[in-house]
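The numbers here are math on the coordinates, done by the rules we state, and not lab data. The shown structure was predicted, so the numbers you read here are calculated from the model rather than taken from an experiment. In this analysis, Cβ positions are derived from the backbone assuming ideal geometry, glycine residues included, and neighbour counts consider all displayed protein chains.
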Amino acid sequence: MIVSDMLLTGAAGMLAPIFALFIDDFIIGSDELVISMAAGLYLVSRSIFQIPIAHMIDRIKGEKDDFSFLVIFSVFIALIPLLYLFISTPLQLYAVQILLGLVTAFTFPSYMAIFTRHVDKNREGTEWALYYTLNDIGTAALAIMGGYLASYYGFPLLIIVISTISLVGASLLIPIRPYLYKR
C-alpha cells in the first residue's frame with residue numbers, strides 16, 4: 001500500500017511544483033488569479049466532499065467498499081491529468097480541478113481507513129513514519145524528475161508520464177485484496 005501511494009502521490013508531485021508554469025503556458029488568459037483559483041478549487045472540492053464520503057465509507061461494514069473505492073478512484077486520479085492535454089481555458093481548468101478534488105475525496109479516506117486498520121500494534125509510530133518518509137522521498141525524487149521532463153521534453157510528455165506512473169501505483173493495490181478483513 002505504501003509503495004502504491006508513494007507512486008500516486010509522487011506522480012502528482014511531478015507537476016505540483018511547476019503547475020503554475022504549466023497553466024501559464026497552456027491556459028489562455030492565465031494569471032496569478034487563475035493559478036490560485038485552480039489550486040483553491042481543488043482543495044475546496046476535496047474538502048467539501050471528503051467528510052461526507054468518509055462518513056459513507058465508515059457506515060458500510062467491511063473493507064470491500066474501502067478497497068473498491070480506493071482502486072477505482074485511484075485509476076481516475078491516474079487518468080484525470082490526461083485532461084490537461086485538452087484544456088485551454090480557465091473554466092476548463094477549474095472543472096478538471098474540481099473533478100480531481102472530488103475523486104481524491106474518495107481515495108484519501110479509503111486509503112487511510114485500510115492502512116489504519118492494518119497498522120501493527122505497538123508499531124504505529126514506526127509504520128506511520130515509514131509511510132510519510134517514503135511518500136516524501138518518492139515525491140521529492142519524482143518532483144525533480146518532473147522538472148527535468150518538463151524542461152527538456154515538455155509538459156505533454158510529463159503529463160503522460162504522470163498518468164503512467166499513477167496507473168502503476170493504482171495497479172499495485174490489487175495484490176492487497178486477499179489481506180483485507182472479511183467483516
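Summary of computed values
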quantity	calculated
Per-residue [θ]222 nm for the chain (sum of -39500 (n - 2.57) over DSSP H runs n ≥ 4, rounded to 500)	-26500 deg cm²/dmol
Förster-model FRET efficiency, 25 Å R0, Ile28 and Ile144, C-beta, rounded to 0.05	0.25
Computed log₁₀ I(q)/I(0) - Debye formula, equal Cα scatterers, no solvent, the chain, q 0.11, 0.12 Å⁻¹	-0.50, -0.59
The range 115-183 - Debye-derived log10 I(q)/I(0), Cα point model, q = 0.26 Å⁻¹	-1.15
Leading residue at positive end of dipole, the chain (Cβ point charges), from Leu33, Ala95, Ile18	Ala95
Charged-residue dipole, Cβ positions (Lys, Arg, Asp, Glu), the range 2-174 about Cα centre, Debye nearest 20	420
The chain: angle of helix 64-79 to the longest principal axis, Cα-based, in degrees nearest 10	20
Using a Förster distance of 30 Å, the FRET efficiency for Lys64-Asp120 (Cβ separation, nearest 0.05)	0.85
Relative contact order %, the range 33-131, counting alpha carbon pairs below 8 Å whose residues are six or more apart	45
Rounded tilt (10° steps) of 155-171 against the dominant C-alpha axis of the chain	10
Qualifying trypsin sites (Lys or Arg not before Pro) in the range 1-86, DSSP loop, other Cβ atoms within 10 Å at most 12	Lys61
